[in-house]
Amino acid sequence: MELLGKKILLGISGGIAAYKCCELVRLYKKSGAEVKVIMTPSALNFVSPVTLSALSGNEVMINMFPEVDPNRSETVETKTWHIYTGMWADVFVIAPATANTIAKIVHGISDNFLTATVLSARSPVLISPAMDEDMYLNEATSKNVSALKELGYWVIEPESGELASGLSGIGRLPEPETIYQHTLKLLSGAKKDLEGKKILITAGPTYEPIDDVRFLGNHSSGKMGFSLAMAAAQRGADVTLVTGPTMLKTPRNVTRIDINTAEEMFNAVKDNLKAKDVVIMSAAVADYKPKSIVQGKIKKTAGNMTIETEKTVDILEYLGKNKSEYKLVGFALETENEIDYAKGKIEKKNLDMIVVNNPKVDGAGFKTDTNVITIIDNKGSQTEYPKMSKFDAAGNILDKILTL
Ligand SMILES: Cc1cc2nc3c(=O)[nH]c(=O)nc-3n(C[C@H](O)[C@H](O)[C@H](O)COP(=O)(O)O)c2cc1C
């Protein structure tokens, strides 16, 4: 009875794997949970609400609005059930989640009882995509599944194997027992594995002023650092994010400090270093800055302009030299010999771990939503990862940090 007293809301959308949910409801009930089921109208084509109502012991919710027969004169009573249902649940599991329902959730569309309830849910939402491989690998679906994670939904990766279409590939709904185990984990807070950890993350570029309107900068978007901050906060960490100029929104539950220059970043890092368990330097800090800043705007003249520069403060070096309790993670972005360079940097800067990428590799680099990373630690272990969303890359980086 490991789910005794837990309230599970199960959303079923219109995929062929909907039939597996009957077994899932049985598993939840056997473990002592109270189960309520919501079905999309499409799901009715795949499994009967009568079966699900009998198995769950509750009415199945399908329609947002009551049926109104204009030929009868009864009064109609309706309530905002989607709000109360969302508030009722300890966890909201959506399995199978169709490509369509996932797309709607990502965009906040609430045109049926299931999608409206997602918007009002206060509980964690666990989503199990299931569809044909071509639908799953379609770029739109791929982006939507990444976006689900970025929005804070928990996603169960689909499995590979024989599909309902007769083809085989990725997209299968995991077996009910697997979905049950994910539900259990989420309810017992297993994913809050960074709870109690204080993490300082830097992100974005720095802008080094030349005059009042120009600066020396770089193409960093800040996406990698923001993904790290978001993923760490979701896993329970207390996150402080020091960021250079970027258009990105502050992730939920993250303390953000905005800076412009390398000097300002250095000061913000130093001021917030106390009691940190991990420091991740993913910002693209300028190595050089103009020696002096011209007041006003430098006028265009006939000749060339020379800007004399000097080195900026080396924040990573400072953090390595003054390392106390915290684990120090650096980033290396190089266009050639990146692995050798990164290995040297671990030693030179006294790092515990380094994340390496090469912006020339397809899917890696500054402005993309994806990255292709290699992680090397100070014991010499090296792990290469395929192209994945920056949010997923962040998850892998945090997993590795936990092994340091
Ligand atoms: C036989 C059949 C099987 C289907 N299986 C899936 C599926 O496994 N996954 C999926 O995303 N869509 C599947 N679809 C398409 C969805 O049913 C369709 O996109 C529908 O609009 C989904 O609506 P909903 O998301 O509101 O439930 C299937 C359609 C048919 C006819």
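Values in this text are rule-based calculations from the coordinates and carry no lab data. All values reported here derive from a predicted model rather than from experimental measurement. Here the Cβ is made from the backbone with ideal geometry for all residues, glycine too, and neighbour counts use every protein chain on show.
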(request) Using only Cα positions of region 109-196, each an equal point scatterer, no hydration layer, compute I(q)/I(0) via Debye at q = 0.19, 0.25 Å⁻¹ and quote the log10 values to two decimals. (result) -1.03, -1.30
(request) Please turn the phi angles of region 267-275 into ³J(HN,Hα) values with the Karplus equation 6.51 cos²θ - 1.76 cosθ + 1.60 (θ = phi - 60°), one per residue in order, whole Hz, x for glycine and proline. (result) 5, 5, 5, 4, 5, 10, 7, 4, 6
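Note down the Stokes-Einstein diffusion coefficient of region 235-387 in µm²/s, whole number, using a Kirkwood radius over alpha carbon pairs, 20 °C, and 1.002 mPa s. Let's see the in-between values first.
On the way: Rh = 17.6 Å.
Reported coefficient: 122 µm²/s.
Please identify every one of the GluC sites (Glu not before Pro) in region 125-229 that sits in a loop by DSSP and has no more than 12 other beta carbons within 10 Å of its own beta carbon.
Details: sites: Glu133, Glu139, Glu150, Glu159, Glu162, Glu177, Glu195; in loops: Glu195.
Passing sites in region 125-229 are Glu195.
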(message) For the chain, set up a GNM with springs between Cα atoms under 10 Å and report which of Asn138, Asn358, Asn371 has the largest fluctuation.
(response) Asn138
(request) Would you tally the net charge around Asp211, using a Cβ to Cβ cut-off of less than 15 Å, leaving Asp211 out, and scoring K and R as +1, D and E as -1? (result) +3
(message) Can you compute log10 of I(q)/I(0) for region 134-183 with the Debye formula, treating each Cα as one identical point scatterer, at q = 0.21, 0.23 Å⁻¹?
(response) -0.85, -0.96
(request) Using the Karplus curve 6.51 cos²θ - 1.76 cosθ + 1.60 with θ = phi - 60°, work out ³J(HN,Hα) for each residue of region 277-291 in order, rounded to whole Hz, and write x for Gly and Pro. (result) 8, 9, 10, 10, 9, 9, 5, 9, 7, 4, 7, 10, 9, x, 5
(request) Hey, for a label at Val361 modelled as a point 7 Å past Cα toward Cβ, could you say which residues of region 217-246 have their backbone N under 17 Å away? (result) 224-225
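Could you tell me the convex hull volume per residue, in Å³, taken over the Cα atoms of region 327-404? List each step's numbers first, then the result.
Working: hull volume 6.2 nm³, N = 78.
That works out to 80 Å³ per residue.
Using the count of nearby Cβ atoms within 10 Å as a rough guide to exposure, how do Arg235, Arg252 rank from fewest to most? Kindly include the intermediate steps, with their values, before the conclusion.
Values: Arg235 19, Arg252 11.
Ordered by Cβ neighbours within 10 Å, fewest first: Arg252, Arg235.
Note down, for region 230-304, the three equivalent ellipsoid semi-axes (square root of 5 times each alpha carbon gyration tensor eigenvalue), biggest first, whole angstrom. Let's see the in-between values first.
Numbers: eigenvalues 225, 41, 20 Å².
Over the Cα atoms of region 230-304, the ellipsoid semi-axes are 34, 14, 10 Å.
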(message) Between Lys270 and Val213, how high is the FRET efficiency from 1/(1 + (r/R0)^6) when r is the Cβ-Cβ distance and R₀ = 22 Å? Nearest 0.05.
(response) 0.15
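Write out the trypsin sites (Lys or Arg not before Pro) in region 295-404 meeting two conditions: DSSP loop, and at most 13 other Cβ atoms within 10 Å of their Cβ.
Working: sites: Lys297, Lys299, Lys300, Lys311, Lys321, Lys323, Lys327, Lys343, Lys345, Lys348, Lys349, Lys360, Lys367, Lys379, Lys387, Lys390, Lys400; in loops: Lys297, Lys299, Lys300, Lys323, Lys349, Lys360, Lys367, Lys379, Lys387.
Passing sites in region 295-404 are Lys297, Lys299, Lys300, Lys360, Lys367, Lys379.
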(request) Could you pull out which residues in region 330-367 have an amide N less than 13 Å from a spot 7 Å beyond the Cα of Tyr318, following the Cα-Cβ vector? (result) none
(request) Take the alpha carbon gyration tensor of region 289-378, find the square roots of its eigenvalues, order them as a ≥ b ≥ c, and report rounded if a/c is under 1.5; if not, report prolate when a/b exceeds b/c, else oblate. (result) oblate
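Taking the number of other C-beta atoms within 10 Å as the exposure measure, put Thr115, Thr178 in order starting with the fewest.
Thr178, Thr115
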(message) With the cut-off at 19 Å, tell me which of the pairs Lys291/Lys360; Lys360/Lys387; Lys327/Lys400; Lys349/Lys387 have Cα atoms farther apart than that.
(response) Lys291/Lys360; Lys349/Lys387
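What is region 171-211 by shape, rounded, prolate or oblate, if you read a ≥ b ≥ c off the alpha carbon gyration tensor as root eigenvalues and call it rounded for a/c under 1.5, prolate for a/b larger than b/c, and oblate otherwise? Walk me through the numbers before you get to the answer.
On the way: a/c = 9.12, a/b = 2.38, b/c = 3.83.
Taking the square roots of the gyration eigenvalues as a ≥ b ≥ c, region 171-211 is oblate.
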(request) Just report the Cα centroid separation between region 6-63 and region 370-387, whole Å. (result) 41 Å
(request) Could you go through region 323-339 in sequence order and give the Karplus-derived ³J(HN,Hα) for each residue, using 6.51 cos²θ - 1.76 cosθ + 1.60 with θ = phi - 60°, rounded to whole Hz, and x for Gly and Pro? (result) 4, 10, 7, 7, 8, 10, 10, x, 10, 10, 10, 9, 8, 7, 6, 5, 5
(request) Quick one: order Met87, Met131, Met61 by neighbouring beta-carbon count within 10 Å, fewest to most. (result) Met87, Met61, Met131
(message) Rounded, prolate or oblate, given the Cα gyration tensor of region 75-124, with a/c below 1.5 counting as rounded?
(response) oblate
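Given the Cα-Cα distance of Ala140 and Ser292 and 0.36 nm per residue of separation, how much length would full extension add, in nm?
Values: separation 152, 0.36 × 152 = 54.72 nm, distance 4.78 nm.
Length gained between Ala140 and Ser292: 49.9 nm.
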(request) Summarise the long-distance tail of P(r) for region 162-240 by giving the % of C-alpha pairs beyond 17 Å. (result) 69 percent
(request) Return the calculated 222 nm mean residue ellipticity for the chain, to the nearest 500 deg cm²/dmol, obtained by summing -39500 (n - 2.57) across DSSP H runs with n ≥ 4 and dividing by the residue count. (result) -9000 deg cm²/dmol
(message) Restricting the calculation to Cα positions, tell me the Rg (one decimal) and the Dmax (whole number) of the chain in Å.
(response) 25.5, 87
